[in-house]
Structures are given as C-alpha cells and as structure tokens.
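S.K.: Following this message is one structure expressed as structure tokens.
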Amino acid sequence: MHRRRFLQSGVAAVALAGFGSTVSAQSGSDYRPGGPWAPNERAVNYEAYLDNEQLGERLKQVDRRSDRVELEQIGESAGRGDPVWEVTIGDGDESLHLINQIHGDEPSGAEAVVKILNRLASGGSRRVEKILDNLTITIVPRVNPDGANFVGDDGLGTEGELRQRRYNTSTWEEGDSRYINANSYYSGDVPGYDMNRGFSVFPNFEPFDEDEDWWTVLKDDPQFGYLDIPVEEVPFDLRDPTVDGDNPYKVLRSVGLNLNPENRAVTESFLDADPDWAITHHHQGPTVDPESPDQGNGPQWQSIMSVMAPFGPRYIGLDGVDYASYVGSGNPYMSEDAQTRSLRLNQLVNEQAQQFGKGKFNTLTRYGYGPLWGSYLDALCPQTDAAGMLYEVSHQSDQRGHKAIGTTVKITVAGFMATFERIADGSISEVDELDYFDMPLAQGIENPFGR
Ligand SMILES: [Zn+2]
C-alpha cells in the first residue's frame, strides 16, 4: 500500500500552471522570510553564468577534444541572431532529448550540461561507457540565447549591462498570425515570447493558416487571443483505450504557434531525435518544503527543486491521484507505457536526491500536473510517445545570489547523471512509479511566472 503524504497532510489540490497561473497550492502563509533558502542572499551576479559566446566556446572545445560529441548549430535566436546549439553524444538505442534555458533567466541547466559533457566526452569509466553504449543523448543547451544575454536597453547590444529575462526578443508583426497569442506574447517595453507556450501540436504548423474559429479573441484587446484547437483537429491518436469516446477535452487550450525560430529548431531537433525520453529544465520561484522540520519560530526550509511528470488516465483515476479537478484526464495522448515511464523518470531523480541525506538537497517537491499545450512536454512528447520530465530548481537568476548557482547546478548534474545511468542499465524499470505521488506537493510561496 502506498502512502499518500499529500492526503495525510490535507493538501487536496494544487492548481498549477497552464494559463499564466501560479502555483497557488495551499498558501505560502506558513513561509517565513529569511529562511535558509531565502532569495537574495548575495548580490545577483550574471557574470557568473556563461554568456552566449562563452557557452559556444565551451561546446566547441568539448567537440574538438572528443570524437564522441557532435555539435551542430540548429538555428539562431530571433533577436540577436546568436546560435542555438545542439549536442549529440552516445550511440545507444534509447533516445533522450533534453532542453535547457527556454526561459532566459533560468540558466543552471545549461551550466550543468557543460559539466556533464566534459565528463561524458573524456571519461573512461564503466559508468560512462555504459551510458554512451546504451543511450543517444540529444541536448539543446540553451534554447533562448536572447533572454540569456539581454544586453542594453533593447537586449540586442554588445556592450553594456547584461541581464537575463524569461522572454526572447521577437516582435509580433501584422501577418505573423491572425491574432497575437496572449498565452505566449509579452508586450512590455521590449516585447518577446515565452517560448514554453510557443510549441504547436502540429509539427509543421504554418502560422496564419490556422482556422479563425480556433481563436478566442479577447474583448478588451481584440488583437490578442488564445488559440484553442478542437480535439477532432488534433493530429495525435488517442493512444489510451481508457479515454476512447470519453475525451474530457473539447479543445486543447492555448496551443502555441511555432512562430519563433527557436521553437522551430527545437521541434525539428526533437523529431529527428525521435526520443523515448524528454526532459526540460527550468527554475521556479521560492517553494516551501512541506516536510521541513518544525523549527518553532524558525524559518521553514525551501524546496531545492520541484519536478513534474506528465501523465494521463491510467493514473488519474487512482485513489488519491485525482487531485486537480481541472486536469480532467491529464494528457490523453500518452500511452500507458509513456505515463508509467514519466512517473519513474521523475521519481528516480527524487531517489537520487534522497541519497544526499538530510539537508537541502533532499527537499524535492512535485507539481500537480495539468497539460499546457504550447509547452515542450505537452506539445512534443505525444509526437514520439516520449516519457517526460520537468525540472524546476528554485529561484530565477535575478532572485538568487551567485552562491546559489553551485547548489542548483549540483542537484541538476546529479539528476541528469542518475537519469542517464538508470536508463542505460535498465534499472529505471525497478522504480515504483507510484512512489512519485509520495513526494510532497510544492507549496508555492509564490511563483509569479508559472513554468
Ligand atoms: Zn521556466
């Protein structure tokens, strides 16, 4: 019998994600500022991260040094025209696709990948050999070079202050699509797209060819709308027999438009890799670890990372799992096999984190899952029946001092390496997927950005 901690603790529902929403969970009311994981313990220092040029140099260095690595430029960013890189390593039968930093202010996945590539490219251990023999790993180290290297007032400069931000710097122009996709477009001083809302469930989608009826146009600003596609138009099979004839969705809400060159490059990379496994790395806002020790009036510990597995009807119906009513049947386009593998993929990283022992590294939490149809996981995984995983290490780069970088990179390296190893040696199949639901649900202090 599996325990369900989140039921015991009375956390019934997490309204996650989706539509620009927040991790509202139970609250935040019990968070006390100034905890060991409070933001801004040191001044923000973007110099601590690899800029686009440095990242490119590091990748080329690994490529030159090792014939195990294949480096390819698969696109360029919309604003700066900086390279979007793809690295492939290993030649095994299992294919894994991994993307980092689709949100520019979420850099630690890219940093972790550089460390890992160095290990895999030159290491001679049995561990490394096993990974390379059994896995083909395709990595897009930095999907959003514009957001990662936002320089000067318009983000496009070469000199001046470097900042990081969530969006790229692509501007919507009349004719790009019928309406501006309110789900993905940021119309601030320097407009841009949230590219994790920008993928299309149609891999060859041509914006502006979309059916006008698919749009829900906003009354207060009729230039903007949401692209909701009727289920019968969706190109996926309903793979899971249990939802046949009982599809809870009339439309897939907030599908992306594939407008951005970065989204198109990632889509192509994904389809070429034909992955069995797909991982996307992010950062999150501050999140309480609900199982942190009672320290009286002392601060609660924060979660070092939240994870999220996409899944569907096979698990939604289980006692204790149907916790988010709007989720309906989860993702109805995943096979039962992919659902199970997704839960294992996420839980194995939790198991790995627990090996650090009591302290800040074993404080993993999970998100309740609801499909976000313009996202990498929900738009692309069904294309190849890939299992999926979302990483969200705590704090965007403008909320954390540089002392924290080492910590978020460390948990990421540990998670990625454990994942590669356990897929390679087959032991991922020994993970009990239901243990995933024992991970405490993330209780957002606040997450103003969603995922
Ligand atoms: Zn993100």
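S.K.: Across segment 117-165, which residue is farthest from the chain's Cα centre (by Cα) among those that are buried (at least 20 other Cβ atoms within 10 Å of the Cβ) and β-branched (Val, Ile, Thr)?
M.R.: 128
S.K.: Tell me the residue from 230, 203 that is without any contact (Cβ under 8 Å) to a residue 24 or more places away in the chain, under 24 Å from residue 267 (Cα atoms) and more than 16 Å from the ligand (Cβ to nearest atom), please. Before the answer, list the steps.
M.R.: Numbers: 203 fails: without any contact (Cβ under 8 Å) to a residue 24 or more places away in the chain.
None of the other options fit; the residue is 230.
S.K.: Residue under question is residue 324, and the condition is that it be at pLDDT 95 or above and hydrophobic (A, V, I, L, M, F, W, C); does it hold?
M.R.: On the way: at pLDDT 95 or above: no; hydrophobic (A, V, I, L, M, F, W, C): yes.
Spelling it out, it is not the case that residue 324 is at pLDDT 95 or above and hydrophobic (A, V, I, L, M, F, W, C).
S.K.: Identify, by number, the condition in (1) aliphatic (A, V, I, L, M); (2) modelled with pLDDT under 85; (3) within 16 Å of the ligand (Cβ to nearest atom) that residue 278 doesn't meet.
M.R.: Condition (2) is where residue 278 drops out.
S.K.: Could you go through segment 125-141 and let me know if any residue there is outside any helix (DSSP H, G or I), touching a His at 6+ places or on another chain (Cβ under 7 Å) and not aliphatic (A, V, I, L, M).
M.R.: Yes; the residues of segment 125-141 include at least one that is outside any helix (DSSP H, G or I), touching a His at 6+ places or on another chain (Cβ under 7 Å) and not aliphatic (A, V, I, L, M).
S.K.: Then there is this: Residue 106 fails exactly one of the following numbered conditions: (1) buried (at least 23 other Cβ atoms within 10 Å of the Cβ); (2) modelled with pLDDT of 95 or more. What is the number of that condition?
M.R.: With (1) buried (at least 23 other Cβ atoms within 10 Å of the Cβ); (2) modelled with pLDDT of 95 or more applied to residue 106, the lone miss is (2).
S.K.: Can you tell me how many residues in segment 197-213 are in contact with a helix residue (DSSP H, G or I) (Cβ under 6 Å, 6 or more places away or on another chain) and either modelled with pLDDT under 90 or not in a loop (DSSP other than H, G, I, E, B) (or both)?
M.R.: Number satisfying all stated conditions: 1.
S.K.: Also, quick follow-up: Conditions first: (1) in contact with a strand residue (DSSP E or B) (Cβ under 6 Å, 6 or more places away or on another chain); (2) surrounded by 22 or more Cβ atoms within 10 Å (Cβ to Cβ). Residue 350 passes all but one, so which condition is the exception?
M.R.: With (1) in contact with a strand residue (DSSP E or B) (Cβ under 6 Å, 6 or more places away or on another chain); (2) surrounded by 22 or more Cβ atoms within 10 Å (Cβ to Cβ) applied to residue 350, the lone miss is (2).
Every residue, every condition in (1) touching a helix residue (DSSP H, G or I) at 6+ places or on another chain (Cβ under 9 Å); (2) of a type in the set (Ser, Thr, Tyr); (3) over 17 Å from residue 100 (Cα atoms), yes or no:
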site: 348; (1), (2), (3): yes, no, yes
site: 353; (1), (2), (3): yes, no, yes
site: 362; (1), (2), (3): yes, no, yes
site: 369; (1), (2), (3): yes, yes, yes
site: 376; (1), (2), (3): yes, yes, no
site: 379; (1), (2), (3): yes, no, no
site: 384; (1), (2), (3): yes, yes, yes
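S.K.: Here's something else I'd like to know. Kindly provide the set of residues from segment 142-189 that are within 16 Å of the ligand (Cβ to nearest atom) and part of a loop (DSSP other than H, G, I, E, B), ordered by number.
M.R.: Across segment 142-189, the qualifying residues are 142, 143, 144, 164, 165, 166, 167, 168, 183, 184.
S.K.: Still on this structure, I have one more. Can you pull out the residues in segment 89-116 that are of a type in the set (A, V, I, L, M) and either more than 15 Å from the chain's Cα centre (by Cα) or within 14 Å of the ligand (Cβ to nearest atom) (or both)? Give the derivation first.
M.R.: As a first pass, look at segment 89-116 and keep what is of a type in the set (A, V, I, L, M): 89, 96, 98-99, 102, 110, 112-114, 116.
Answer for segment 89-116, where residues must be of a type in the set (A, V, I, L, M) and either more than 15 Å from the chain's Cα centre (by Cα) or within 14 Å of the ligand (Cβ to nearest atom) (or both): 89, 99, 102, 110, 114, 116.
S.K.: Counting only residues that are within 16 Å of residue 142 (Cβ to Cβ) and assigned to a helix (DSSP H, G or I), how many does segment 62-77 have?
M.R.: 2
S.K.: Another question, then. Determine whether segment 233-245 contains at least one residue that is surrounded by 16 or more Cβ atoms within 10 Å (Cβ to Cβ) and modelled with pLDDT of 90 or more.
M.R.: Checked segment 233-245: no residue is surrounded by 16 or more Cβ atoms within 10 Å (Cβ to Cβ) and modelled with pLDDT of 90 or more.
S.K.: Then there is this: Of the residues 175, 124, which is free of Cβ contacts under 8 Å to residues at least 24 places away in the same chain, out of contact with any helix residue (DSSP H, G or I) (no Cβ under 9 Å at 6 or more places or on another chain) and more than 19 Å from residue 269 (Cα to Cα)? So that I can check it myself, show each step before the final result.
M.R.: Details: 175 fails: free of Cβ contacts under 8 Å to residues at least 24 places away in the same chain.
On inspection, the qualifying residue turns out to be 124.
The values are calculated or read from the model by the stated rules, or taken from the named source; none is laboratory data. None of these values were measured; they are calculated from a predicted model. A quick note on method: Cβ atoms are made from the backbone with ideal geometry, for glycine too, and the neighbour counts reach across all protein chains shown.
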